Amino acid sequence: MAEGDAVRVITLDNPPVNALSFAYCKELLAAIEAAESDSATRAVVIAGANGIFSAGADVNDFAQEPPADAITVRDVIGAVERSEKTYVAAIDGNCLGGGLELALACDYRGASGRSRLGLPEIRLGLIPGAGGTQRLPRLIGARAALELMLKGSSVSAERAVELGILDEITPAPVLEAAVEFARRVADSPTAETPRKRRLSAREAEIGPGVPKIALPYVAAQAHKMLPPEERGGLAAHRLVDAVEAAMELPFALGVAREARLFEELARSKPSLALRHVFFAERELAKIPDIAGTGRSDATARHDIVSAGVVGAGTMGSGIAIAFAQCGIPVTVVDSNDDAVDKARQTVMGMFMYQVQKGKLTQEEAWRRAQAIVFTDDWRELAAADVIVEAVFEDLDVKRDVYAKLDGIAKPSAILATNTSTLDIDRIAEATKRPQRVLGLHFFVPANIMPLLEIVRGAQTSPEAIAFAFGAGKTLRKKAVLSGNAFGFIGNRMILDYLREAMALAEDGNSAARIDGVMRDFGFPMGPFAMSDLSGLDVGLHIARARGDEGKGRTDVLRRLVDMGRLGQKSMAGFFRYDKAVGKGREAIADPVVDEIFADAARSAGIPARHADDAEIRERLLYALINRGAYLLEDGVALRPGDMDIVYIYGYGFPPHHGGPMWYADEVGVDKVYGRIREFEAQFGPQWKPSALLRGVAEDGGTLGAADARKALSHA
Ligand code: 3HC
């Protein structure tokens, strides 16, 4: 189907995801112009190779100002828009961002049942910038379009038909059906299937039964529901503006408005940060010295047929649910009947909750619950491909478990510990297969939290690490590699953050104010509410495990634990909780705690000292950054981006600030370093800056991996 054919096929083919880069758009535009100048061609079908229609514009292209002669997806779409020929999009696979915008510029859209469609630009801190904000409202109504674009998630082909984005689900093979259809329309158009169906020629409506006069009200309502611009809401507010333009302005002016807003956002700090997060996530599994990690390597696939869990406590049952909800049968071993009864209830409760929420059918919930088998017979773990141990956090207990597992698990099985404080190597020593022992550090609740730290011991084999990344993918977790050091990446950094929070509270700054400052920065909760959630008894246990290093300036934590204030679970910790307020989860300031801090400070001879909001923010964030730099220096973390992902997915760091290490670059490493030096002089050696940070600051560089490595050689 080339020159001379009535229907031409243009196949998007730019592996791996047919991204519409400037260079590729140039080729595409040439193909469209060739079709346009061929008088025999009456219709064009656009399809995609590589199992995907298109992932949209190439995100790498936004990094710099486009060259004056750059051909963008807008130019390609402009050519389709101007054409008098019939354009049909034949979608099979993902059709996202600029890819969907191209499809929207076509006259007809058909897709295979497996396809997914969406405009995810908001997740990159952007808005659709190639006509999407103007065409989609004209196709499905402004309200539905706004909802879809604000969420940024893709929808199934079936849902896209319901919404009116797709004309039909096309039976396979999609391309043939589309060509046939295009030929029919070009040869014999009807009133229902005219040759041209330009969305630009339509008027946009708000939604069924909503008069256009309500637009200002609807837009004001939309703005009201969004987070403030400076707290992650910038792109969302601009999106509402763009959709308003689709309602109010002629198409050409609306598109121009959209383009201006897009360009402004492409240069905004939140978008730069979110694009960093996008690429950092895709780097995670690329481990330089390990074949079988990374995307393109075929050996990265490790099918887990069955899994085992040792310990039916909170963590163990959460891990079991995590496997079961990904379709993997799990055997949970525990000899404590009470623990097993409780775990059974947790599992059933969890799946039933999902049924209530409409996320699972009754049958599916039942099937998943059945996939978890509880037993006290360790031999039932013999077939498991991976066994995760989640028993009491005590080295001797764990070593006993491993010695036992060693005699039962099949030779190829991976033995993973869920410890958060113990030395993986000491655990691995208890087996004859230390190369197959590693850490899989899940976060509570394990079936919900998206983060997984994979901890590499001194003897862990590359194959075992590659397997663990495969497992992470199967479990749909963001898996990050960490070295075997106390607290790994996430908890090690949080200890410094919490140290500063405690120090500020000991100085007389209230826990409620400190938490408020961090919420204003964008965290969903501050350090004290977070401690209450994870349990003050847990915090105290970790502090004691650190020996002298874990000793604070006061004994506030011990005092609170002695009072039975263990956090949210006991309705009191640094804050108090009330069942009638926010279902018992809302932190309520408690003057008793202020008094305990004041008393402990008096006993320790700590004078009161007011810190302003900026200082609170800087001390907490720069403590994370400094520790992060040490972890890079020591090789515990591979890349700054890995730590950013840990913080965004494990600790609620606001993604529009890109993670702590990205934030350091955003502020300027030299400035951060300067403040850390001041803190060192004022507060003591706990603030000694990392050599790597000093090197980057002195070079005037950024913590981006390459610069950081270079800086290290300077240090
Ligand atoms: N631009 C540049 N590179 C992209 C890309 C894009 N839009 N989408 C994916 N890639 C790259 C990834 O970085 C990765 O590269 P690597 O192999 O070197 O690490 C490779 O393609 C494969 O990506 P994934 O590992 O994510 O592959 P999956 O198969 O798991 O997922 C996907 C595929 C669902 C398409 C997913 O990549 C995705 O969601 N991509 C982003 C989609 C998106 O945000 N589109 C909007 C772009 S902005 C836009 O279109 C602006 C327009 O309005 C003007």
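Some notes on this structure:
- Taking 0.890 mPa s as the viscosity and 25 °C as the temperature, the Stokes-Einstein diffusion coefficient of the chain based on its alpha-carbon Kirkwood radius rounds to 87 µm²/s.
- Orientation-averaged projected area, Cα convex hull of region 299-375 (nm²): 5.4 nm²
- Degrees separating the helix 462-474 axis from the principal Cα axis of the chain, which is the longest one: 60 degrees
- Cα centroid separation - region 626-650 against region 213-284, whole Å: 31 Å
- Calculated [θ] (222 nm, deg cm²/dmol) that DSSP helices of n ≥ 4 give over the chain, each run adding -39,500 (n - 2.57): -15000 deg cm²/dmol
- Counting charges near Ile165 (Lys, Arg +1; Asp, Glu -1) among other residues having Cβ under 12 Å from its Cβ returns a value of 0.
- For region 156-314, convex hull of alpha carbons as volume per residue, Å³: 288 Å³
- Surface accessible to a 1.4 Å probe, Thr346 within the full protein complex, Å²: 70 Å²
- Degrees separating the helix 215-225 axis from the principal Cα axis of the chain, which is the longest one: 20 degrees
- The charge dipole of region 7-266, taken about the Cα centre with unit charges on the Cβ atoms of Lys, Arg (+1) and Asp, Glu (-1), comes to about 580 debye, rounded to the nearest 20.
- Residue-count net charge about Ala324 - beta-carbon cut-off 10 Å; Lys, Arg +1, Asp, Glu -1: +2
- Degrees between helix 73-82 axis and first principal axis of the chain (Cα, 0 to 90, nearest 10): 30 degrees
- Its Cα gyration tensor gives region 374-452 an equivalent ellipsoid, and the semi-axes of that ellipsoid, as √(5λ) in whole Å with the largest first, are 19, 15, 12.
- Rel. contact order, % - alpha carbon contacts under 8 angstrom, at least six apart, the chain: 9 percent
- DSSP-assigned coil residues among chymotrypsin sites (Phe, Trp or Tyr not before Pro) in region 366-444, each with at most 10 further Cβ atoms within 10 Å: Phe392
- In the chain the longest region clear of GluC sites (Glu not before Pro) that are loop-assigned by DSSP and have at most 12 other C-beta atoms within 10 Å covers 204-715.
- Loop trypsin sites (Lys or Arg not before Pro), region 68-134, which have at most 16 other Cβ atoms in a 10 Å radius of their Cβ (DSSP): Arg114
- Cα centroids of region 555-624 and region 1-69: 58 Å apart.
- Amide H contacts of Val9 (H built 1.01 Å from N, in plane; Pro and chain starts excluded): Val45 sit under 5 Å, all sequence-distant by 5 or more or on other chains.
- Based on the Kirkwood approach, the hydrodynamic radius assigned to region 301-482 is 16.1 Å, with every pair of different Cα atoms included.
- Calculated on the alpha-carbon coordinates, the convex hull of region 508-610 measures out at 108 cubic angstrom per residue.
- A DSSP coil position with no more than 15 other Cβ atoms inside 10 Å describes the following trypsin sites (Lys or Arg not before Pro) in region 346-382: Lys357, Lys359.
- Cβ-defined net charge surrounding Arg198, 15 Å radius [Lys, Arg +1; Asp, Glu -1]: +3
The values are calculated or read from the model by the stated rules, or taken from the named source; none is laboratory data. Quantities reported herein were computed from a predicted structural model and do not represent experimental measurements. Cβ: placed from backbone, ideal geometry, glycine included. Neighbour counts: every protein chain shown. Heads up: the accessible areas ignore ligands, DNA and RNA and are worked out on the full protein's heavy atoms, side chains in. Shrake-Rupley method; radii C 1.70, N 1.55, O 1.52, S 1.80 Å.
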